[in-house]
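S.K.: To start, I am sharing the structure in question, which I have written as structure tokens.
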Amino acid sequence: MSHEKPTQHQFQAEVGQLLDIVTHSLYTDREIFVRELVSNASDALEKMRLLQLTEKEIFDDQLPLEINITTDETAKTLTIADYGIGMMRDELVENLGTIAHSGSKAFVQSMKQGGKEGGNVIGQFGVGFYSAFMVASEVKVFTHSWRNDGEHLVWTSDGTTGYSIEDAPGQRRGSRIVLHLKDDAAEFAKASTIKHVLAKYSNFVGFAINLNGERINTVEALWLKNKSEVTEEQYKEFYKFAGHAFDDPRYTFHFNADAPLNINALLFAPTQNMEQFGMGQMEAGVSLYCRRVLIDPKPKKFLPEWMRFIRGVVDSEDLPLNIARESMQDSALFRKLGQVVQGRIIKFLDREAADDAKKYAEFYKDFSRFLKEGVATDFENKESIAKLLRFESSLTKEDELVSLPEYVARMKEGQKTIYYQIGPSRQAIESGPYLEAFKSRGFEVLYLFETIDDYVVSALAKFDDKELRSVAASDVDLGETTDEGESLGKEETDKLCAWLKESLANRVSEVRLGKRLVSKPAMALQSEGDMSPQMRQMMRAMKKDDFGAAQVIFEINPKHTIVKKLSAATDSNPDLAGLIAGQLLDSALLSAGLLEDTHDMVGRVEQIMEKALG
Ligand code: ADP
């Protein structure tokens, strides 16, 4: 054991900022710090219990796995002690001197970006251990690691610039956190206050909690209970406790099954999508239990990656209790269990969507990203996840949504394909040249507004055995247009096409008569296998810019006045005709989302204006 002098440490800059916000914001719900510290204690005990299964050499091995809380009104202190894994010296520095918790990072980031009213935002993020400084003027963390070569240490800080670490002879295994309460937080030194705060969730903690020596919780596995025995309030508290969450659950899914596997699951979809706050990917949030014993808090590959927004607990009697996690993850049973749960979650969402479309639409607004990711990556489930997608379309109003099954159900007789257009907005799509031919035939077209949608439709490829096709694909055959109108003759059209091909040189791969055009003079189509505009955008964003300019199939409308006059101008006014040709193509590319450089266009339009004005 070492007897070093106290060492002084500075907080990492982000911790400093976080603490500044935590200590200075008027936060109404200050009591949440109790939940944060008890939940840390419970995590440390869970880890200890797992280590006891595999490790032989454990410091203070005979200590019970429990949490002891003591209050002292005279000294104005609150102490929360656990016999968990404790911390080594370097772990103290790493865990309590830097930001480990992703929620806290996001919190600091969002404060930096928006400078939003701290008091309101703070409740949406887990600030973890640092929340202690909302109520304490000084925090001491006494600790000894479970490792025999650990030290007896105490970490001390007033939550301003830094902390010190000193020896603390006699400290048992685990962590003992002593809060010296601020004057305005003296109530937290009262047993009655703490008891009241603990009442909400202490029964979800899987270990005994004693308050001033008196046991106050009965360990309760909510998920093993019957739905009818659980109140809405209990679900909420459990969600917050188990999911380290600060919002309310949006959906609660509690189910018990016996066949093909025994499953007791209590799962939640959150209200807030934390990934929208600009932080990294969420971690998987469903823990795996066997008969109320935690087997794995974050089982890898249990649920597919896209379901990482789901929080909660899955308990199965069929799981082996003391098998190494690594080998469990390879077992057929583990995979089967995961598959059954996945299937149930998808069906659950489908049912919720049918029961309350409005609520689902709100959920969809915040969480569609995950569902889309699911369609693109979860090969086995893609068709059933696709049922959960929603789109605006040529038949819906703005903000009104249609599902793929609904689309299919109202397809026109003879329609074999599901049509979609990807575009930045409803307006952009509706003012473009593609839609009208489909509309005039009564074919519904789905509007896809997000870049990622391109991946989604190409991964899905088919729904209900019907192909998904972009309206901008060159080989969509809608037959001849029916409406009459004076058209350029065949010979003149061919001549104009050939002239355009030459005049537009390497910008087009083909120029041809367009059968789908109604009121627009021309449009650009993608040849099969060509990169979509969205893909191009992405490639450009990734700076893979060496993929050449788009070469499109250029279709012209021989009934359109501009096209007819252009045909004549190729002889009478070739200069102007050349400018018009370039502009026709640029307009078409613009509608297709393929115009990459608008510089040429501006200059050209000026030339055209000059000529038009004589
Ligand atoms: P989080 O618990 O979400 O990771 P915290 O800020 O609450 O974030 O805690 C940071 C880290 O400090 C934890 O991840 C854990 O490693 C460590 N820690 C906190 N409390 C304890 C404790 N009672 N026993 C052991 N380690 C702890």
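The numbers here are math on the coordinates, done by the rules we state, and not lab data. Computed from a predicted structure; not experimentally measured. For neighbour counting, all protein chains shown are included, and Cβ atoms are generated from backbone atoms with ideal geometry for every residue, glycine included.
S.K.: Around Arg469, which amide H atoms from residues at least 5 apart in sequence, or from another chain, sit under 5 Å from its own amide H, with H modelled in the peptide plane?
M.R.: Those lying under 5 Å, H to H, from Arg469 are Ile418, Tyr419, Tyr420.
S.K.: I've got another one for you. Got a sec? Charge dipole of the chain, +1 on Cβ for Lys and Arg, -1 for Asp and Glu; which of Leu590, Gln52, Thr156 is way out at the positive end?
M.R.: Most positive-ward Cα: Gln52.
S.K.: Under 5 Å between amide hydrogens, which residues at least 5 positions from Phe11 or on another chain qualify, with H placed 1.01 Å from N in the peptide plane?
M.R.: Residues meeting the criterion, in which the H sits 1.01 Å from N, are Gly162, Tyr163.
S.K.: Suppose every Lys and Arg Cβ carries +1 and every Asp and Glu Cβ carries -1, with no other charges. What dipole size does the chain come out with about its Cα centre, to the nearest 20 debye?
M.R.: For this selection, approximately 660 debye.
S.K.: What is the extension gain from Thr561 to Glu398, computed as 0.36 nm multiplied by their sequence separation minus the C-alpha to C-alpha distance, in nm to one decimal?
M.R.: That works out to 55.4 nm of additional length.
S.K.: With +1 on each Lys and Arg Cβ and -1 on each Asp and Glu Cβ, how big is the dipole of segment 222-365 about its Cα centre, in debye rounded to the nearest 20? Write down the numbers at each step before the final one.
M.R.: Details: 21 positive and 21 negative charges, 40 e Å.
Using Cβ point charges on Lys, Arg, Asp and Glu, segment 222-365 gives about 200 debye.
S.K.: Something else about it: Could you tell me the relative contact order of the chain? Use alpha-carbon pairs under 8 Å, at least six residues apart, and round to a whole percent.
M.R.: 9 percent
S.K.: Starting from 0.36 nm per residue, how many nanometres of slack lie between Lys412 and Lys182 once their C-alpha separation is accounted for? Show your work: numbers first, answer last.
M.R.: On the way: separation 230, 0.36 × 230 = 82.80 nm, distance 7.09 nm.
Length difference between fully extended and current span is 75.7 nm.
S.K.: Residue by residue through segment 177-191, what is 3J(HN,Hα) from phi via Karplus (6.51 cos²θ - 1.76 cosθ + 1.60, θ = phi - 60°)? Round to whole Hz and write x for glycine and proline.
M.R.: Once rounded to whole Hz, the list reads 9, 10, 9, 8, 6, 5, 4, 7, 10, 4, 4, 6, 8, 9, 4.
S.K.: Something else now. What do you get for the angle between helix 13-24 and the principal long axis of the chain? Use alpha-carbon atoms, 0 to 90 degrees, nearest ten.
M.R.: So the helix axis and the longest Cα principal axis differ by about 70 degrees.
S.K.: Express in % the proportion of alpha carbon pairs of segment 391-470 at distances exceeding 16 Å.
M.R.: More than 16 Å apart: 46 percent of the Cα pairs in segment 391-470.
S.K.: While we're here: Run the numbers for Asn210 and Thr74: contour at 0.36 nm per residue of separation, minus the present Cα-Cα distance, in nm.
M.R.: Gain on extension, Asn210 to Thr74, equals 47.0 nm.
S.K.: Continuing with the same structure: Can you compute the label reach from Arg172? Point 7 Å from Cα along the Cβ direction, backbone N cut-off under 20 Å, restricted to segment 214-241.
M.R.: 214-219
S.K.: So for each of 141-153, 371-383, 204-216 I average, over its residues, the number of other beta carbons within 10 Å; can you give me the resulting order with the highest mean first?
M.R.: 141-153, 371-383, 204-216
S.K.: Quick one: Karplus J couplings for segment 285-293, per residue in order, coefficients 6.51, -1.76, 1.60, θ = phi - 60°, nearest Hz, x for Gly and Pro?
M.R.: Per residue, the Karplus-derived 3J(HN,Hα) values read x, 10, 9, 10, 10, 10, 6, 6, 9 Hz.
S.K.: Would you calculate, for the chain, the mean residue ellipticity at 222 nm contributed by helices, counting each DSSP H stretch of 4 or more residues as -39,500 (n - 2.57) and dividing by all residues, to the nearest 500?
M.R.: Working: 20 runs with 230 residues, N = 614.
Dividing the helical sum by the residues of the chain leaves -11500 deg cm²/dmol.
S.K.: Rounded to the nearest 20 debye, what is the charge dipole size of segment 391-470 about its Cα centre when +1 sits on each Lys and Arg Cβ and -1 on each Asp and Glu Cβ?
M.R.: Result for segment 391-470 is approximately 340 debye, rounded to the nearest 20.
S.K.: Spelling out what I want: for every residue of segment 46-58, take phi, set θ = phi - 60°, compute 6.51 cos²θ - 1.76 cosθ + 1.60 (Karplus), and round to whole Hz; glycine and proline get x.
M.R.: So the J values, rounded to whole Hz, are 4, 4, 4, 4, 5, 5, 4, 6, 10, 9, 9, 8, 10.
S.K.: Applying 1/(1 + (r/R0)^6) with R0 = 51 Å to the Cβ-Cβ distance of Thr598 and Ser164, what FRET efficiency is obtained, to the nearest 0.05? Can you show the working numbers first?
M.R.: On the way: r = 61 Å, r/R0 = 1.19.
My answer for the efficiency is 0.25.
S.K.: What are the residues whose amide H is under 5 Å from the amide H of Leu448, where those residues sit 5 or more places off or on another chain and H is modelled from the backbone?
M.R.: HN-HN under 5 Å from Leu448: Gln421, Ile422, Gly423.
S.K.: Let's test the formula: R0 of 35 Å, r as the Cβ-Cβ distance of His196 and Asn226. What FRET efficiency results, to the nearest 0.05?
M.R.: Approximately 0.80, to the nearest 0.05.
S.K.: Another question, if that's okay. Considering only the chain, what is the antiparallel percent among its DSSP beta bridges, to the nearest 5?
M.R.: DSSP beta bridges in the chain are roughly 75 percent antiparallel.
S.K.: Determine, for Met523, Met282, the number of other Cβ atoms within 10 Å of each Cβ, and report the residues in order from fewest to most. Each step should come with its number before you reach the end.
M.R.: Details: Met523 26, Met282 17.
Starting with the residue having the fewest Cβ neighbours, the order is Met282, Met523.
S.K.: So, one more: Can you tell me, using C-alpha contacts under 8 Å and at least 6 residues apart, the relative contact order of segment 391-470 as a whole percent?
M.R.: For segment 391-470, the relative contact order is 39 percent.
S.K.: Most exposed first by the Cβ proxy, i.e. fewest other Cβ within 10 Å, how do Ser487, Ser503 rank?
M.R.: Least crowded to most crowded, the residues run Ser487, Ser503.
S.K.: Given R₀ = 35 Å, FRET efficiency for Gln8-Leu63 by Cβ-Cβ distance, to 0.05?
M.R.: Efficiency, rounded to the nearest 0.05: 0.65.
S.K.: For Ser431 paired with Glu91, estimate the spin-label separation in nm (one decimal), with each label point 7 Å from Cα along the Cα-to-Cβ line.
M.R.: Distance between the two pseudo-spin positions: 6.1 nm.
S.K.: Please compute the contact order of segment 210-287 in relative form: average sequence separation of alpha-carbon pairs under 8 Å and at least six residues apart, divided by the residue count, as a percent.
M.R.: The value is 23 percent.
S.K.: Kindly express, to the nearest 10 degrees and within the range 0 to 90, the angle between helix 561-572's C-alpha long axis and the longest C-alpha principal axis of the chain.
M.R.: The two axes meet at around 60 degrees.
S.K.: Any idea what angle helix 490-503 forms with the longest principal axis of the chain, computed on alpha-carbon atoms, 0 to 90 degrees, nearest 10?
M.R.: It works out to around 50 degrees.
S.K.: So if I average 1/r over every pair of distinct C-alpha atoms in the chain and take the inverse, what Kirkwood radius in Å does that give?
M.R.: In the chain this quantity evaluates to 28.9 Å.
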